[in-house]
Structures are given as C-alpha cells and as structure tokens.
1. Note the full-extension length gain between Asp127 and Ala113 as 0.36 nm times their separation in residues minus their Cα-Cα distance, in nm to one decimal.
2. Test of the criteria: in segment 60-152, which trypsin sites (Lys or Arg not before Pro) are in a DSSP loop and have at most 14 other Cβ atoms within 10 angstrom of their Cβ?
3. At 0.36 nm per residue, and after removing the present C-alpha to C-alpha distance, how many nm does the segment from Asp78 to Ala142 gain when stretched out fully?
4. Listing Tyr47, Tyr66 from the residue with the fewest other Cβ atoms within 10 Å to the one with the most, what is the order?
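Laboratory data are not the source of any read-out in this text; all were calculated from the coordinates shown. Note that the coordinates shown come from a computational prediction; the quantities given were computed from them, not determined experimentally. A quick note on method: Cβ atoms are made from the backbone with ideal geometry, for glycine too, and the neighbour counts reach across all protein chains shown.
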Amino acid sequence: MAESEIRDDHTWLTAFMSQAWEDHVDEYAAGITWSINKGWDSVNDLYAAAGSLGSDIDEPWILPVYGGRPVPHSADADPSDPPLMLLEPPGVSQAARFLAAVSFGELWNVAGARFSALGWTRQELLDHHRGLQGFYGRAASAGHAVVKVVWA
C-alpha cells in the first residue's frame with residue numbers, strides 16, 4: 001500500500017491487517033497481498049541459502065520474509081496482538097531486486113534436500129517464491145510499502 005496511507009500505529013495496523021486477512025481471497029486476485037501459511041521460516045531459510053551461491057547478489061535475502069522495522073505496541077495494546085513489521089519502499093525495491101536476481105533452481109540445489117527432509121516439495125517452495133516475486137515486483141513498481149503480520 002502507499003506509504004502515505006499507513007498509520008504508524010500498531011492498533012490501527014492490526015485492525016487493517018485483520019480486515020485484509022478476511023478479504024484475502026479478493027486481495028490475492030487483485031495481486032495486492034501474499035501470505036505464507038505456517039511456512040515463513042522455511043521460505044526465509046531457503047533465501048538464506050543465497051549467501052552460499054557465491055553470486056553477485058548483494059541485496060539482503062532477509063527482506064522478503066522478515067525484513068522491515070517493527071511497529072511498536074502502544075501502551076494500552078493487547079499483549080497478544082501480533083508482531084507487525086513495516087518494510088518501507090526502498091526496502092521493498094531491494095527485496096524485489098533480490099527476488100528477481102536469485103535463481104530458485106540454484107537455491108533448491110543448495111538447500112532442497114534439507115527442505116525435502118522436512119516434508120516440503122520443490123513445487124510448494126517454488127510457488128511461494130513466484131508469488132513473492134510477483135507481489136514484491138508490483139509493490140516496488142508502485143513505490144509501495146509492505147506491512148507484515150505474524151498471526152499465531
């Protein structure tokens with residue numbers, strides 16, 4: 001979303017992301033959201049394998065999943081409210097460049113056996129990778145920020 005539309009307020013963002021989750025089918029169709037259901041650690045670990053590729057990729061691999069700055073809880077917030085991260089437009093652009101440059105095949109060659117042992121298929125991770133490539137590419141092209149939430 002446009003950074004100017006984001007309130008840097010945990011309570012507001014929690015309500016916004018909760019509504020977005022309720023509307024996620026429509027938002028997926030519109031290309032304005034992406035989610036990883038219970039597998040974000042594995043997707044992040046896959047991207048971490050980029051460090052061992054010895055390539056010229058100089059963009060941070062952590063940006064697509066965990067990148068951004070934490071949005072602090074307000075003093076009166078419910079302690080069970082989820083953690084929120086805000087990745088501002090420059091970081092979104094870095095994430096998009098990383099995702100466009102990194103080879104999924106090479107990542108899989110380096111780390112795929114470990115993920116297969118955990119029950120992941122190549123196709124599942126490839127689908128997440130392609131979804132994140134498209135999502136970040138569109139967000140970067142529009143100059144948007146990305147809000148991330150981790151629901152327990």
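1. The Asp127-Ala113 span can extend by a further 3.3 nm.
2. Details: sites: Arg97, Arg114, Arg122, Arg130, Arg138, Lys148; in loops: none.
When the trypsin sites (Lys or Arg not before Pro) of segment 60-152 are filtered for loop state and at most 14 Cβ neighbours within 10 Å, nothing remains.
3. Values: separation 64, 0.36 × 64 = 23.04 nm, distance 3.31 nm.
In short, 19.7 nm is gained.
4. Values: Tyr47 24, Tyr66 17.
Ranking Tyr47, Tyr66 by Cβ neighbours within 10 Å, fewest first, gives Tyr66, Tyr47.
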